[in-house]
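The values are calculated or read from the model by the stated rules, or taken from the named source; none is laboratory data. On a predicted model such as this, the values are computed, not experimentally measured, just so you know. Cβ coordinates were reconstructed from backbone atoms using ideal geometry, including for glycine residues, and neighbour counts include every protein chain displayed.
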Amino acid sequence: MNDPFALLGLPVQYALDRSALESAYRQVQGVVHPDRFATSSDRDLRVAVQWATATNEAVRVLRDPVKRAALLCERHGHPVDAESNTSMPASFLIQQMSWRESLDEARDSGDPAALEALRRSLDAARTSLSQRVERSIDHQQNWVEAVAAVREWMFVERFADAVEAAEFALG
Amino acid sequence: MALLQIAEPGQSSAPHEHRLAIGIDLGTTNSLVATVRSGLPEVIVDESGRALLPSAVWYRANHPPVVGQGALAQRITDPRNVVVSVKRWMGRSLSEIDSLADLGDSGPRSPVQVSAEILKTLRERAEQALGAAPDSLGIRHQEIMGAVITVPAHFDDAQRQATKDSARLAGIPVLRLLNEPTAAAIAYGLDQQAQGRFVVYDLGGGTFDVSILQLSRGVFEVLSTGGDTALGGDDFDRTLFEYLTGLIRPAALPGSTPSALSDTDTSTLSDADTSALRVESRRVKELLSTLAEVHVDFRLPSGQHVVATVTAAEFEQRSAALLSRTILTTRRALRDAGMQASDADGVVLVGGATRMPAVRRAVADLFGREPLTNLDPDQVVALGAAMQANLLVGNRAPGDDWLLLDVIPLSLGLETMGGLVERILARNTTIPAARAQEFTTFKDGQTAMAVHVVQGERELVADCRSLGRFELRGIPPMVAGAARIQVTFQVDADGLLSVAARELSTGVEASVTVKPSYGLGDEAIAQMLTDAFGHAEEDARLRSLHEQGVDAERLLLATQTAIDQDGQLLSVADQALIGQRMAELSVLRETLKDADALRAGIAALSAATEGFAAARMDQAVRQALAGRRVEDLDTNV
C-alpha cells in the first residue's frame, strides 16, 4: 500500500504516461474512497481512510517529476539529501545568479515581458533536466548523475516559485 | 466505465429499498433542505411553500425558540432575543461573542446550540415531507438515514467540528460535511454533463468561497480553493446601512439637514432602530439588483426619518473594495490551481449575493466569459448536497455514480521555537491526507514536549488560528537533539484533523482529535444532548446500548459477508480467531445488557479483522486496475 508505483499499478521508472497515472488514480480512489463506505462499519471506514490517504500521497509523489525522481534515487540507495548536501557545480551557480539578477531587474521595472522571458528559460531548463534524469535513471542507472540532476532541479523549482510570485504581484 | 464495486455491508439484504437521505445548506442568512425523489433533486418547502428558512432564532423565556420567518419578524420588536447570522460565530467560544452571551430573557446560547435549532427545524420539515415523522402514537415507520451538511470551503477545523456538533445536537446523523462550492459543482456538473476545469464563485450571506474543479468522467477533483469566512452579502448591506445612518434626520425637526450622526457612529441608534435600518438596507440592496436607483423614505421605530435616493452607481462605489477582495481571492485560487483565468471552461455563480449586477460584471470581466446562472443560486448548494447524500446511502442507480476529491482550504502546522509555524500539510492538499514530520528536543534532559496545532497561511503562530494544544510526556531524558519525536497529522474526508505524537526510540505516544479551542468537549455535547432530549440518565444508557447493538450487528453482518466472498484470503488460524470473536460478539448482542462490554467486543472483532479488511481492499484495487488494463486494450484494438 505504501509503494506509489505498486499501489497504482505503474512500472517502476521515471518516464511516466500521465494519462495512465490519472486513470489509475481515479480507478483506485473509486474503490477505496471513504465515501464508498459512508454507511459501513467503523472498521471498514478506517481501512478506507488509510487506503485513500495512501492513494492521494502516491499520486502527489508521482505527478511531481522531482519527487518521483527523488523517490527512485532513494529506493536505489542514493537519497537526494537536499538539506545536508548543498555543494553545486560552479556553472549551475553562475546560471542561478544571473537568473536572480534578471528577476530583481524585472521586479524593479515591473516589466511583464522580462518575466515572460525568464519563465521561458526556466521551462527550457526543466525540459533539459527531465531528459537528463530520464537518461540517468531509466537508461543508465547512473544514480550519482541522477542525484546531481534532481538537486539542480530542486533549485530551479524554488526559483520558479519566486518568478511566479513576482508575476502574481504584477497582476 | 463500470467501476468494480465492493459489496457494501448491510446493503445486500434489501438492494431495492430507497433510503431517505437529505442535503442541508446551513447558510448565514438562509438555510435549506433538499432530497432526491424519483432520481431528481428537489428542495423541500415548508407548509407555505417557502424553500428558504431564514437562519434566525428567537429565544423566549419558558417557551420553545421560534426559528425562521417568525423569528425574523421579531427583529424590530425584540432585537435582543433574536439571533441572526450565527454562522459567523461557528467555532468560537461564548467569551468571544457578546451578542450570544447576553440573550436577554433566556440565558446564553452557544453558536452550536443556535445552529442546532435551525437544523432541527429543517429536519422536522424533511421528516414531514418524506413520511418519516412519528405517527400519532409516536412511532416512526421510516427514518432519515443521514444528511450531508454543507460548509464554506474555507471553514477551518473548529468551524467544521462545530457544524458537526450542531447536527448531533439536532439529532441528525451526518454522512459527511461537504464544501459548498463542491456541492454546487455536483449539481451543475451532473446537470450539464460538464467536462473540464470549472470555477465556482460562491458569495453567500456571510461567507465567500471560490473553488476550482477538474470535472472528468464522473470525478469531481478540487484543484484549489480560496475564500474568506468573514465576507458576504451582509457586508454589502452594511455599506448601505452606514450610508443611510449618515442621512438620519431627527424626528423633532422634519426637513432639517442630515443629523450629526457620523458614518461610523451607530452607537446612538437604539437596537430597534439598528435592526429596522438593517432590514431596510437589505431591501434597498436587493432592489438595486434590478433598478438603477431606489428612493428611500423610511421612518425608524424611534420616529427618526431617512430620506434619500440611492443610485446603483453610488452603491457600487461604496462596495467596490469588498468586490475587489473577492476578485483577488479568485486570482490566488487560479494561481494555486496553476492556471490562467482564460483556461477556465466555465464559471458558475452561487449564493444569493451573486445576483448583484456588479458581481456578475466583475466575474465576467476577469474570465472573459459570461458566468453560468441557470440553476437558482440560492438552491444549488442544497441540491448538490442532496445528490451527494443520496449517493452515500447507496441509492445510486447503476452507471449513476461519481467520486469527489476535495482539499483542505488552509495549511495545517505546528508551533516551533520563536512562535514560528512549521507547515505540515499545505493548503489544497487532497483529502483524506496524512503527513508525518520529525522534531527533536532543544534542552538536555527535556522529558515533555508541548504540541500546539495551528491553521493558516501566515508565518507567525500569533497570526494563525489556534486549533488545540497537547503534551507528549514521558520522553526519556536525553541530550538536546537526540530524541526523535514524530508528529502525524491525519485529515479525514470531512476535512477534520487528528494529531498524534510519538517518541520513536521509546514508543511513548500522545494523540488528540483536535476539537478543543471553541470550548466544547465531548462531555459538554453529551450534557447538551441530555438536556435537549430531556432524557433521564436511564434513557441515555438505553440509547447508548441500543446504538452499540446496531453497530455490533452491522459489523457481524459485514464480516460474515466478507468471509462468504473472500474467505480464501484468510489462513485457517485467522478464520478460527475471527469465528471465535464473532461468536463472542453475537452473544453480547443477543443479551444486550452491557454497553461497555459490547463496545469491547466490537473493538476485539474489528482488531481481529483489520488485516482481512486490508487484504480485501488490496484485492479490490488489483481487480479494478486489471479491469482498466483490459479496457485500455479494448480501446486500442
Exercise for review: Could you look through segment B:161-175, keep only residues that are more than 19 Å from B:LEU94 (Cβ to Cβ) and of a type outside the set (A, V, I, L, M), and pick out the one that is farthest from the other protein chains (Cβ to nearest Cβ)?
Suggested key: B:GLY171
Check your understanding: For segment B:396-436, list the strands (runs of 3 or more DSSP E) that sit wholly inside it and hold at least 1 residues that are more than 18 Å from B:GLU180 (Cα to Cα); which are they?
Key -> B:412-416, B:420-425
**Study point:** Residues of segment A:68-124 satisfying the condition of being more than 24 Å from the chain's Cα centre (by Cα) and outside any helix (DSSP H, G or I)
**Key:** A:GLY110, A:ASP111
**Study point:** segment B:582-594 residues that are touching a residue at least 40 places away in the same chain (Cβ under 8 Å), paired with ones that are in a helix (DSSP H, G or I) and not hydrophobic (A, V, I, L, M, F, W, C) (beta carbon under 6 Å, 6 or more apart)
**Key:** B:ARG589/B:GLY549; B:LEU592/B:GLY549
Review point. What tally of residues in segment A:36-53 results from selecting those that are touching a helix residue (DSSP H, G or I) at 6+ places or on another chain (Cβ under 6 Å), closer than 21 Å to B:PHE489 by Cβ and either facing another protein chain (nearest Cβ under 7 Å) or in contact (Cβ under 8 Å) with a residue 24 or more places away in the chain (or both)?
Key: 4
Review point. Is it true that B:ARG502 is charged (D, E, K, R) and part of a strand (DSSP E or B)?
Key: yes
Point to revise | Pairs where the first residue, in segment A:1-29, is over 18 Å from A:ILE137 (Cβ atoms) and the second is of a type in the set (S, T, N, Q), C-beta under 6 Å, 6+ apart | key: A:VAL28/A:THR55; A:GLN29/A:THR55
Practice item. Could you please let me know if B:VAL306 is in contact with a Leu (Cβ under 8 Å, 6 or more places away or on another chain), over 19 Å from B:ASP234 (Cβ atoms) and buried (at least 16 other Cβ atoms within 10 Å of the Cβ)? Key: yes
Exercise for review: Please enumerate the residues belonging to segment B:198-215 that are closer than 20 Å to B:ALA493 by Cβ and either over 17 Å from the mean Cα position of the chain (by Cα) or not small (Gly, Ala, Ser) (or both).
Suggested key: B:VAL200, B:ASP209, B:ILE212, B:LEU213, B:GLN214, B:LEU215
Point to revise | Unique match (being hydroxyl-bearing (Ser, Thr, Tyr), in the same structural domain as B:ALA184 (by TED's automatic domain parsing) and within 20 Å of B:GLY351 (Cβ to Cβ)) among B:SER55, B:SER93, B:SER48 | key: B:SER55
Check your understanding: Of the residues that make up segment A:67-82, is at least one over 28 Å from B:GLY627 (Cβ atoms), surrounded by fewer than 16 Cβ atoms within 10 Å (Cβ to Cβ), within 12 Å of another protein chain (Cβ to nearest Cβ) and at pLDDT below 90?
Key -> no
